[in-house]
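One structure is given here, and the rest of the page talks about it.
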Amino acid sequence: MEKQKLSRRQLFLVASLIFGMFFGAGNLIFPVQLGQLAGHNWFPAVIGFLLTGALLPYLAMLAVSMTNSKSLYDVAKPIAPWFGTAILVAIHFTIGPLFGTPRTAATAYAMGVAPFVPAAYQQVAMLAFTAVFFGLAYFLTVKQSDLMKWVGKYLNPLFLALLALILVLALFLPMGDLNQKASAAYQGQAAFQGILDGYNTMDGLALLALAVSVVYAVRGLGFEGKNVSRVLAKSGFLAILLEGLIYVAITLLGVSSLGAMKVADNGGTAFSQIVTHYTGNVGVLATGLIVTLAVFTTAMGLFVSFAQDLHRVFPKVSYLWWLRLIALGSFVTANAGLTKIVAWSAPVLMLLYPFALALTVLGVLNKWVQQDRVLYRWVMAFVAVPAVLDALIASPLAKTDWVSHLATLYQQYVPLASEGFGWFVPAMVGAVIAMSWRLSQMISAYRKTVNEVVK
């Protein structure tokens, strides 16, 4: 196929779309919190954060394009069709109506609206805000072709301009130096803690799912076949580079803020306090506007990918009905409260991330792997047990005696388990077994051929 030329305008437009779809409130508040907690150990912590918060999403997007997948289902289908369906549904509902999209509206409300509402009217205001938020997201995503226009051209540039203003002020008027006290979790294993913190952005999961929407938009520009992968690689790298630079800048902002304030209870509060410090009376309003823009672009991307992917797997249910489901489901879950959303997301993320990471690596290596079913199945089989154990350890059941005993044995005998990466070595073992099996088959086939020739 003839190589199609990518113009500079198209490059920046697709990069803006990719960036705007997955850079949400979590991408603002978690780096700030990381900076405040890591203190003078901010460098190894932010490097770890960049691995799972920036590099992993980029690799996930490449995995989708390199396997020529039309959806997350195609990425996981080599294991088994039922597994492809199960992982697609699990990830989409996690980054969709169960956790991801409700968190966007709940965070925007907590940081941008709640400070202006009397305590007695908080619940009513939350209902009204989330109804408008998700209703507008639904309206703007009914026509799939509108996504590029709204996110790439309008919402994302406005969000970046507002964020840049805060970062420039912090650069010229720092609140303190970078030699701040590190909390206990970041004193010895700052890099590993940063990697785990990057999980909270959900971007590694999101890009496996959101990539299909980006592919749809790229094809809308007239690109086909392998040219789609080339556009995704170039535009995605630009978007991830920008995201990484912003992560570092916001982390440094969090570290320096300790020169003028104490460590906040969460990143949302910290970010709000910092913006208020620099902008005075309009600080809360500025925070609300920045965060709402950030999370709204993310919500739109999640809406479209949810409806597109599930419609492909369950074609009897229309795109429009899936869109209505995520809008209504997100509205209901968001009104359960941000605290509950964040608390219950941790075990689910620890369960899904090992599978998502393994699928991402296999997808990126597809030139050599060729979606080999034996390799995929052995790797996933060995990943399953540590993934379940990590989820149990991160859940409220961790306090029970039987889970505590399991956790002790698991973290004592499985390498990297205590750091949250107990799935890595088992995955490698599964890969070695699969390759050994394939090698033995090749040797057997060779011997059979030789014997036939001799006869």
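Could you line up ASP401, ASP203, ASP372 from fewest to most neighbouring Cβ atoms inside 10 Å? Numbers along the way, then the final one.
Details: ASP401 7, ASP203 29, ASP372 16.
Ranking ASP401, ASP203, ASP372 by Cβ neighbours within 10 Å, fewest first, gives ASP401, ASP372, ASP203.
Hey, rough spin-label estimate for ILE433 and VAL142, points 7 angstrom out along Cα→Cβ, what's it come to in nanometres?
5.2
How much length is gained if the chain between LEU365 and ALA233 is pulled fully straight, taking 0.36 nm per residue apart and subtracting their Cα-Cα distance, in nm to one decimal?
Additional length available on full extension: 46.1 nm.
Taking the Cα centre of segment 8-336 as origin, sum charge times position over the Cβ atoms of Lys and Arg (+1) and Asp and Glu (-1), and report the length of that vector in debye to the nearest 20.
Rounded to the nearest 20 debye, it is 820 debye.
Count charges around LEU258 for me, please; just the other residues with Cβ under 11 Å from its Cβ, Lys/Arg as +1, Asp/Glu as -1.
+1
As a test of the formula, what do you get for the chain when each DSSP H run with n ≥ 4 contributes -39,500 (n - 2.57) and the sum is divided by the residue count, at 222 nm and rounded to the nearest 500 deg cm²/dmol?
Per the formula, -24500 deg cm²/dmol.
Determine the alpha carbon to alpha carbon distance for each of LYS5/LYS77; LYS70/LYS226; LYS70/LYS316; LYS77/LYS316 and list only those over 22 Å.
In this structure, LYS5/LYS77 exceed 22 Å between Cα atoms.
Expected output is a single nm value to one decimal: the length gained when fully extending between LYS181 and LYS262, i.e. 0.36 nm times separation in residues minus the C-alpha distance. What is it?
Net length gain for the segment: 28.1 nm.
What FRET efficiency would be calculated for the residue pair LEU11, LEU289, taking the C-beta separation as r and a Förster radius of 30 Å, to the nearest 0.05?
Rounded to the nearest 0.05, the efficiency is 0.60.
All other residues with a Cβ under 12 Å from the Cβ of SER330 taken together, and with Lys, Arg as +1 and Asp, Glu as -1, what is their net charge?
+2
When only Cα pairs under 8 Å and 6 or more residues apart are kept, what is the percent relative contact order across the chain?
31
Ranking request for peptides 392-399, 297-304, 233-240: highest mean number of other beta-carbon atoms within 10 Å first, then the rest in descending order.
By packing density, highest mean first, the sequence is 297-304, 233-240, 392-399.
Once Lys and Arg get +1 and Asp and Glu get -1 on their Cβ, which of LEU365, LEU171, THR292 lies farthest toward the positive end of the dipole of the chain?
LEU365
Given R₀ = 51 Å, FRET efficiency for VAL317-GLN441 by Cβ-Cβ distance, to 0.05?
Here the calculated transfer efficiency is 0.80.
Using the number of other C-beta atoms within 10 angstrom as an exposure proxy, rank GLU243, GLU452 with the fewest first. The partial results should precede the final answer.
Working: GLU243 22, GLU452 8.
Taking fewest neighbouring Cβ atoms as first place, the list is GLU452, GLU243.
Mind checking segment 238-330 for trypsin sites (Lys or Arg not before Pro) that DSSP puts in a loop (not H, G, I, E or B) and that have at most 15 other Cβ atoms within 10 Å? The partial results should precede the final answer.
Details: sites: LYS262, ARG312, LYS316, ARG324; in loops: LYS262, LYS316.
For trypsin sites (Lys or Arg not before Pro) across segment 238-330 that sit outside H, G, I, E and B with at most 15 neighbouring Cβ atoms in 10 Å, the list reads LYS262, LYS316.
Below 20 Å, Cα to Cα, which aspartates and glutamates can LYS143 reach? Residues fewer than 8 away in the same chain don't count.
Here the aspartates and glutamates satisfying the reach criterion relative to LYS143 are ASP309.
Compute the signed sum of charges (Lys and Arg +1, Asp and Glu -1) over the other residues within less than 15 Å, Cβ to Cβ, of VAL215.
Overall, the nearby charge balance is +3.
Roughly what angle does helix 319-334 make with the longest principal axis of the chain, taking Cα atoms, 0 to 90 degrees, to the nearest 10?
So the inclination is approximately 50 degrees.
Which one of PRO415, LEU397, VAL383 is farthest out on the positive end of the charge dipole of segment 344-455, using unit charges on Cβ (Lys, Arg +1; Asp, Glu -1) and the Cα centre as origin?
In segment 344-455, that residue is VAL383.
Any read-out appearing in this document is the output of simple, stated calculations on the displayed coordinates, not a laboratory observation. These figures come from a predicted structure and were not determined experimentally. So basically every Cβ, Gly included, is an ideal-geometry build from the backbone, and we count neighbours across all protein chains shown.
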